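Let me begin by presenting the structure, written as structure tokens, before commenting on it.
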Amino acid sequence: MFIALIVCLGLILTNVVVGVYSERKISAFMQDRLGPMEVGKYGLLQIFADLLKLLQKEDIVPKLADRKLFLIAPCIIFIAIFAGFAVIPLSSGEYLQGSKAEIGVFYLLAIVSVDIIGLLMAGWSSNNKYSLFGAMRAVAQIVSYEIPLGLSVLCVVMISQSLNLQEISTQQGIFSSEGNYLFGIKSLGIDVSAVGGIFTWNVFRMPFFFFLYIIFFIASLAECNRAPFDIPEAESELVGGFHTEYSGLRWALIFLSEYGMMLLVSFLGVILFWGSWYSPFPNIGSVRLADWTNGEPNTIAGTLAGFFWLIAKAYLCVFLQMWVRWTFPRLRVDQLMYLTWKVLTPASILFVVLSGIWRMLMN
Amino acid sequence: MQFWYFLTALTLLSALMVVLSKNPIHSVLYLVFTFFCISGHYVLLNAQFLMAVNIIVYAGAIMVLFLFVIMMLDLRRNMPDSKSNLTKLAGAILGGTLLVILVAVMRKTQFPQFSQMGGKFDTQTGMVENLGQVLFRDYLLPFELVSILFFVAMVGAVMLGKREAGERNF
């Protein structure tokens, strides 16, 4: 439990370094630039130089700001995101699992929504109209997009019959205690519980989940305030949105939470849809690829292997988020609301019905 | 047990601060904190589902709406004129009556002793699974009626927010 706490803290801190560097390099690649090149080989030390600069900066509080709220808001944002990591199983077995609470994913959705209060506090206490605008937009967006996000999580929960993320993970591969059948349907008679790999992932057990993942992905982008849903911090209109007035360490904390949130929703997507910490390779005859690449749960090797697969898949999702950010233009407010209420929400309700039918077929 | 005392003291303190703080925004934030403390009590009672629901509904949604509305108001210009002695008196009477009722109810209630329950109790009562069993078996009709109520409220909200014919979109 405490190992998981330390690993998660380390993960968030490393993530912001890796995330910012790769984001700058990827955006540069997509726009046919070079990106950071000056500090260190390939600009590898650029992010450390930036961090050093941020740490040295003065912590400015505007004169007319609500001082207490202004100072505490970034901490609340960070705590809300960090608390979300508590229920994420980082690998098979028990070493890297924080909380074993039955409530799992529901707790995660609940605690992450506290993020909104931090955003509102930051925006309001700055006593700056751009900050307030940013906070208002952020809250309107996050509250609306929580609905398709919650509904898409609900579909997965209906299929796996559990809220516990470790339980949902274990079901999607060779360590599952119940049998796994092709497409999840028992009457097809093709038992794949020993095959594992990609054939037992949720996205394969319930083939429509690929389309559901697209909904989940869009909603999760909006939850992280990432482009094309970054109207809360739209630089061209609002200076910097809710964090306009922040500087130095507190600004870094807000940034840390933003990148932490990206990683958190990527983890969640991987765990719910893409086989969690299982490797993608199936057992084929005597070539026991799944057995070799997964190891045994509760051993050091198995834990490390699971951790590696989860991280690898999660960073693939993070890459996808960056790709989307540097490809699509920002949405207008009315387009944003149109997308969530008239497209994503009805579609995810449809998926809830479909998942219910599929669950009946699975028994 | 010690943790319970600490949490209870924290809950009462933050609840008091809701009433005592001058700034409405601070009041709402203290209220959010109070809800978190109450969620902590739910965790101690092993009612995990209620804990998450309490956070997601109250702290995450309703309180955010409160904050939203209060932030929209210009507090310096729209100072609430509810500071007259009459309203203070009315508030005191209302609160006092509620307190008397609650104390009377608590005094009348018979709390079952551990020994009266046959020396055993189910720690899993508050879990999602058991709650679902109870809701969908014993209380199915009320549950469905509540869902219809919510549906009607939702339709009403959509009707209110609907664009009138000829009105501009933006």
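How many residues are facing chain B (nearest Cβ under 10 Å) and in a helix (DSSP H, G or I) when one looks only at region A:84-117? Steps first, answer last, please.
At the first step, the residues of region A:84-117 found to be facing chain B (nearest Cβ under 10 Å) are A:101-117.
Restricting the remaining residues to those that are in a helix (DSSP H, G or I) gives A:104-112, A:115-117.
Summing the residues that are facing chain B (nearest Cβ under 10 Å) and in a helix (DSSP H, G or I) in region A:84-117 gives 12.
Which numbered condition trips up A:LYS313, out of (1) surrounded by fewer than 16 Cβ atoms within 10 Å (Cβ to Cβ); (2) charged (D, E, K, R); (3) outside any loop (DSSP other than H, G, I, E, B)?
(1)
Table: residues versus (1) within 19 Å of A:MET121 (Cα to Cα); (2) at pLDDT 85 or above; (3) not in a helix (DSSP H, G or I).
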{"position": "B:LEU7", "(1), (2), (3)": "no, yes, no"}
{"position": "B:THR11", "(1), (2), (3)": "no, yes, no"}
{"position": "B:SER14", "(1), (2), (3)": "yes, yes, no"}
{"position": "B:LEU67", "(1), (2), (3)": "yes, no, no"}
{"position": "B:LYS88", "(1), (2), (3)": "no, no, no"}
{"position": "B:LEU98", "(1), (2), (3)": "no, yes, no"}
{"position": "B:ILE101", "(1), (2), (3)": "no, yes, no"}
{"position": "B:ALA104", "(1), (2), (3)": "no, yes, no"}
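What single numbered condition from (1) within 12 Å of chain B (Cβ to nearest Cβ); (2) charged (D, E, K, R); (3) assigned to a loop (DSSP other than H, G, I, E, B) fails to hold for A:ARG137?
Among (1) within 12 Å of chain B (Cβ to nearest Cβ); (2) charged (D, E, K, R); (3) assigned to a loop (DSSP other than H, G, I, E, B), the lone unmet condition for A:ARG137 is (3).
Taking region B:125-146 as the region of interest, how many residues are touching a residue at least 40 places away in the same chain (Cβ under 8 Å) and either in a loop (DSSP other than H, G, I, E, B) or exposed (fewer than 10 other Cβ atoms within 10 Å of the Cβ) (or both)?
Start the filter on region B:125-146 by keeping residues that are touching a residue at least 40 places away in the same chain (Cβ under 8 Å), which leaves B:125-128, B:131.
Pick out the ones that are also either in a loop (DSSP other than H, G, I, E, B) or exposed (fewer than 10 other Cβ atoms within 10 Å of the Cβ) (or both) and you get B:125-127.
Residues meeting the conditions: 3.
For region A:36-74, which positions are farther than 25 Å from A:ALA135 by Cα and assigned to a loop (DSSP other than H, G, I, E, B)?
Passing the criteria: A:PRO36, A:MET37, A:GLU38, A:VAL39, A:GLY40, A:LEU44, A:LEU45.
Taking into account only those residues within region A:209-247 that are modelled with pLDDT under 80 and aliphatic (A, V, I, L, M), which is nearest to the chain's Cα centre (by Cα)?
A:ALA227
Here is a check on your reading of the model: is A:LEU289 touching a residue at least 60 places away in the same chain (Cβ under 8 Å), within 14 Å of chain B (Cβ to nearest Cβ), surrounded by 16 or more Cβ atoms within 10 Å (Cβ to Cβ) and more than 21 Å from A:ILE168 (Cβ to Cβ)?
No.
A:PHE106: in contact with a Cys (Cβ under 6 Å, 6 or more places away or on another chain), of a type outside the set (Gly, Ala, Ser) and at pLDDT 85 or above, yes or no?
Numbers: in contact with a Cys (Cβ under 6 Å, 6 or more places away or on another chain): no; of a type outside the set (Gly, Ala, Ser): yes; at pLDDT 85 or above: yes.
Spelling it out, it is not the case that A:PHE106 is in contact with a Cys (Cβ under 6 Å, 6 or more places away or on another chain), of a type outside the set (Gly, Ala, Ser) and at pLDDT 85 or above.
For region A:147-254, list the helices (runs of 4 or more DSSP H) that sit wholly inside it and hold at least 3 residues that are buried (at least 20 other Cβ atoms within 10 Å of the Cβ); which are they?
Correct list: A:165-171, A:202-205, A:209-223.
In the list A:SER126, A:SER131, A:SER193, A:SER176, which residue meets the criterion of being touching a residue at least 24 places away in the same chain (Cβ under 8 Å), more than 23 Å from B:PHE66 (Cβ to Cβ) and hydroxyl-bearing (Ser, Thr, Tyr)?
A:SER176
Out of all the residues in region A:1-29, which are modelled with pLDDT of 85 or more and of a type in the set (Gly, Ala, Ser)?
A:GLY10, A:GLY19, A:SER22, A:SER27, A:ALA28
Just for region A:12-60: of the residues that are free of Cβ contacts under 8 Å to residues at least 60 places away in the same chain and basic (Lys, Arg), which one is surrounded by the most Cβ atoms within 10 Å (Cβ to Cβ)?
Only one residue fits best here, namely A:LYS25.
Can you confirm whether B:PHE36 is facing another protein chain (nearest Cβ under 10 Å), more than 16 Å from A:ILE77 (Cα to Cα) and out of contact with any helix residue (DSSP H, G or I) (no Cβ under 6 Å at 6 or more places or on another chain)? Please lay out each step first, then the result.
Numbers: facing another protein chain (nearest Cβ under 10 Å): yes; more than 16 Å from A:ILE77 (Cα to Cα): no; out of contact with any helix residue (DSSP H, G or I) (no Cβ under 6 Å at 6 or more places or on another chain): yes.
Considered against the rule, which asks whether it is facing another protein chain (nearest Cβ under 10 Å), more than 16 Å from A:ILE77 (Cα to Cα) and out of contact with any helix residue (DSSP H, G or I) (no Cβ under 6 Å at 6 or more places or on another chain), B:PHE36 comes out as no.
The values are calculated or read from the model by the stated rules, or taken from the named source; none is laboratory data. These numbers come from a predicted model, not from an experiment. Ideal geometry is used to build each Cβ from the backbone, glycine not excepted, and the neighbour counts take in all protein chains shown.
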